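Structure first, then comments.
Each value in this text was obtained by applying a stated rule to the coordinates, not by laboratory testing. Nothing here was measured: the structure is a model prediction, and the numbers come from that model. We place every Cβ from the backbone using ideal geometry, glycine too, and count neighbours over all the protein chains shown.
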Amino acid sequence: MGLATYLEKTTMSLFAQLFSSRPILPAVPDYDPVIRQVEEPDMVVIPLDYPRHINYLPTVEAGEKVRRGGVIGRSRLGNCKLASISGKVREITTVWTAQSVHSPAIVIENDGGEGLSPEEIFTDQLPPDNPVAALARIRSAGVNPPWRLSGRDYGEEDISGLPPLEAVVVTGIQEEPTILTSQLLLAQNPDKVAEGLRRIGRLLPETPLWLTVPEKELAWAEKHFAGLARIAAVPAQYHGRLERELVARLLGRRIPNRNSFISHGIVVQDVEYLLAMVDALDGTSPFLDKCLTISGTTLAKAITVRFPLGSSLRHVLASQGLQVADFTRPVVGGPMKGVAQYSDLTPLTYDSGIYLVSEDLTPFDPIAPCIFCGRCTRVCPARIQVHLINRMIEFGQIESTGSLHPEACHECGLCAHVCPAERPIVQLLHFCNREMTHGERYSWPERGKQ
Ligand code: SF4
Ligand code: SF4
């Protein structure tokens with residue numbers, strides 16, 4: 001290829017990328033398919049306010065001895081927090097979680113003691129195919145209830161009066177392209193996933209059941225799960241992986257971002273929790289260890305580990321020979337939706353990823369002016385006027401943003417990723433939506449009319 005042709009092609013490609021609504025996102029260059037077990041740490045910190053609106057009350061006191069698998073906190077509805085190591089409760093204090101929530105937490109010091117056996121944990125007999133008893137068992141085993149509490153204003157009190165279930169979506173692929181936990185668990189446990197789907201089918205015989213899988217695994221998944229669930233292939237690109245977009249595509253309904261799926265009769269459950277549900281129902285093991293993918297801008301391979309809940313970021317990284325000091329910033333979650341951490345002592349609980357950034361990320365201006373290039377609006381899957389809303393928020397006109405519907409934002413991070421001015425777009429939207437929580441809500445059109 002001649003130099004002129006090369007330059008022309010390169011320029012065209014840069015130009016195309018500038019105006020593309022499918023920007024190139026961080027990805028993993030390669031990965032280790034083996035899920036590595038992280039050893040027990042000297043101490044775990046178990047937050048009591050997670051996910052977001054479930055509040056657990058401690059059932060133990062400082063100084064008390066606990067055993068791995070024992071209940072240490074319980075919510076009003078019977079969701080349980082369990083000790084992920086055996087030891088002594090050092091204190092009940094408050095911590096900042098990886099999601100930047102200030103939460104009460106139980107600190108346990110490891111004494112190397114033996115954990116409870118399954119027979120000591122699961123003492124009741126489970127009647128077969130009884131949804132109420134199954135739900136109680138799942139809750140008691142420390143598994144998230146079989147739905148994602150993703151609505152921003154969703155609390156436990158909202159459980160009563162929920163509409164009948166219309167669909168269950170089990171996700172075998174995560175939104176963030178750098179998080180591989182669901183894909184690996186799906187690929188490595190097809191029989192157990194099939195058993196989980198079978199169980200849901202028996203517990204909820206009238207409810208349509210979906211399993212989402214990576215597009216390239218469609219033929220494999222159809223072979224293993226035929227007749228157990230409707231299989232949905234999910235494309236590799238980020239827009240198509242976003243849960244709200246996925247649910248809209250599968251069910252023909254767009255669920256407002258401020259509502260939980262369950263408040264619309266939809267259960268969205270990751271495959272990791274499906275597997276944990278099978279263990280709980282079989283009485284083989286409660287949910288004490290979580291999987292998480294470690295990736296980063298300079299890591300040649302992504303690593304997926306399984307760690308005791310409440311382990312610190314430092315402990316999980318050190319188990320793989322990594323330390324925060326070697327990176328500019330650790331982000332818990334993925335590069336698009338994750339939260340940068342200020343301390344490597346942050347406890348990890350229901351987190352599925354750590355993304356380690358190595359580059360110097362200092363923006364050239366803490367809040368640089370918008371140049372109205374429009375890239376943010378072009379990439380936005382919620383199709384909102386991102387730059388206009390941002391300017392309004394910046395100048396204190398939050399009320400004026402209402403007609404532009406900032407609450408439709410997924411907080412997917414695409415706008416900030418492509419913004420040449422490196423503006424804190426998602427943060428401004430997040431604060432705007434917090435401010436407007438009690439304001440009027442936008443309702444998406446009913447099914448089939450969007
Ligand atoms: S974070 Fe919100 S505003 Fe930005 S691209 Fe995603 S949905 Fe659109
Ligand atoms: S916020 Fe950033 S991406 Fe959006 S128009 Fe302004 S400069 Fe461009």
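Loop only by DSSP, 15 or fewer other Cβ within 10 Å of the Cβ. Give me the trypsin sites (Lys or Arg not before Pro) in the range 253-323 that pass, ordered by residue number.
Passing both the DSSP loop test and the Cβ count: LYS301.
The chain: longest stretch without exposed GluC sites (Glu not before Pro) (DSSP loop, at most 11 other Cβ within 10 Å), sites themselves excluded?
Counting at most 11 other Cβ atoms within 10 Å as exposed, the longest clean stretch of the chain is 207-358.
So for the pair ARG76, ILE371, with labels modelled 7 Å out along Cα→Cβ, what separation do we get in nm?
That separation, rounded to one decimal, is 5.1 nm.
Rounded to whole Hz and in sequence order, give me ³J(HN,Hα) for the range 22-39 from the Karplus expression 6.51 cos²θ - 1.76 cosθ + 1.60, θ = phi - 60°, writing x for Gly and Pro.
Working through the residues one at a time gives 10, x, 6, 10, x, 8, 9, x, 7, 8, 8, x, 7, 8, 8, 7, 8, 5 Hz.
My understanding is that a pair violates if its Cα-Cα distance is over 25 Å; which of LYS88/LYS290; LYS216/LYS301; LYS290/LYS337; LYS81/LYS290; LYS223/LYS301 do that in this structure?
Where the Cα-Cα span goes over 25 Å, the pairs concerned are LYS223/LYS301.
Under the rule of at least 5 residues apart or a separate chain, name every residue whose amide H is placed under 5 Å from the amide H of ALA302.
Result for ALA302 returns ASP30, TYR31, ASP32.
Provide the per-residue ³J(HN,Hα) series for the range 282-298, in order, calculated from phi with Karplus coefficients 6.51, -1.76, 1.60 and θ = phi - 60°, each as a whole number of Hz, with x at glycine and proline positions.
Using θ = phi - 60°, the values come out as 7, x, 8, 6, x, 8, 10, 10, 10, 8, 7, 9, 9, 9, x, 5, 10 Hz.
Pairs of alpha-carbon atoms within less than 8 angstrom and 6+ residues apart define the contacts here; what relative contact order does the chain have, in percent?
18 percent
Helix 131-140 versus the longest principal axis of the chain: what angle, 0 to 90°, nearest 10, using Cα atoms?
Tilt relative to the chain: about 90 degrees.
Could you work out how far apart the two model spin labels at VAL339 and ALA219 are, taking each label as a point 7 Å from the Cα in the direction of the beta carbon, and quote it in nm?
4.3 nm
Between GLN320 and ASP124, what is the label-to-label distance in nm when each label sits 7 Å out along the Cα-to-Cβ direction?
Taking the simple label geometry, GLN320 and ASP124 are separated by 3.8 nm.
Which whole-angstrom value gives the distance between the alpha carbon centres of the range 224-263 and the range 313-333?
Between the Cα centre of the range 224-263 and that of the range 313-333, the gap is 32 Å.
Considering only the chain, what is the antiparallel percent among its DSSP beta bridges, to the nearest 5?
Roughly 60 percent of the DSSP beta bridges within the chain come out antiparallel.
Restricting the calculation to Cα positions, tell me the Rg (one decimal) and the Dmax (whole number) of the chain in Å.
Gyration radius and largest Cα-Cα distance of the chain: 22.5, 76 Å.
Normalise the Cα radius of gyration of the range 131-282 by 2.2 N^0.38 Å (N = residues in it) and let me know the number.
0.98
Sort THR328, THR293 so the one with the fewest other Cβ atoms within 10 Å of its own Cβ comes first.
Taking fewest neighbouring Cβ atoms as first place, the list is THR328, THR293.
Kindly point out, ordered by number, any Cys in the chain whose beta-carbon has no other cysteine beta-carbon under 4.7 Å away.
Flagged as lacking a Cys partner: CYS80, CYS291, CYS370, CYS373, CYS380, CYS409, CYS412, CYS419, CYS432.
Using a 10 Å cut-off around each Cβ, can you sort VAL132, VAL268, VAL193 from fewest to most neighbouring Cβ atoms?
In increasing order of surrounding Cβ atoms, one gets VAL132, VAL268, VAL193.
What is the fewest-to-most order of TYR56, TYR350 by other Cβ atoms lying within 10 Å of their Cβ?
TYR350, TYR56
Per residue of the range 250-262, in order, report the coupling 6.51 cos²θ - 1.76 cosθ + 1.60 (Karplus, θ = phi - 60°) as ³J(HN,Hα) in whole Hz, putting x for Gly and Pro.
Whole-Hz 3J(HN,Hα) from phi for the range 250-262: 6, 9, x, 9, 9, 8, x, 4, 7, 9, 6, 4, 5.
Rounded to the nearest 0.05, what FRET efficiency do THR93 and VAL34 have when you use their Cβ-Cβ distance and R0 = 41 Å?
0.70
Compute the Cα gyration tensor for the range 43-121, then decide on rounded, prolate or oblate, letting a ≥ b ≥ c be the square roots of its eigenvalues: rounded whenever a/c is under 1.5, prolate when a/b is larger than b/c in the other cases, and oblate in all that remain.
It comes out oblate by the Cα gyration axes.
Mean-square fluctuation check for the chain, GNM, Cα pairs under 10 Å: which of GLY142, GLY172, GLY161 is largest?
GLY161
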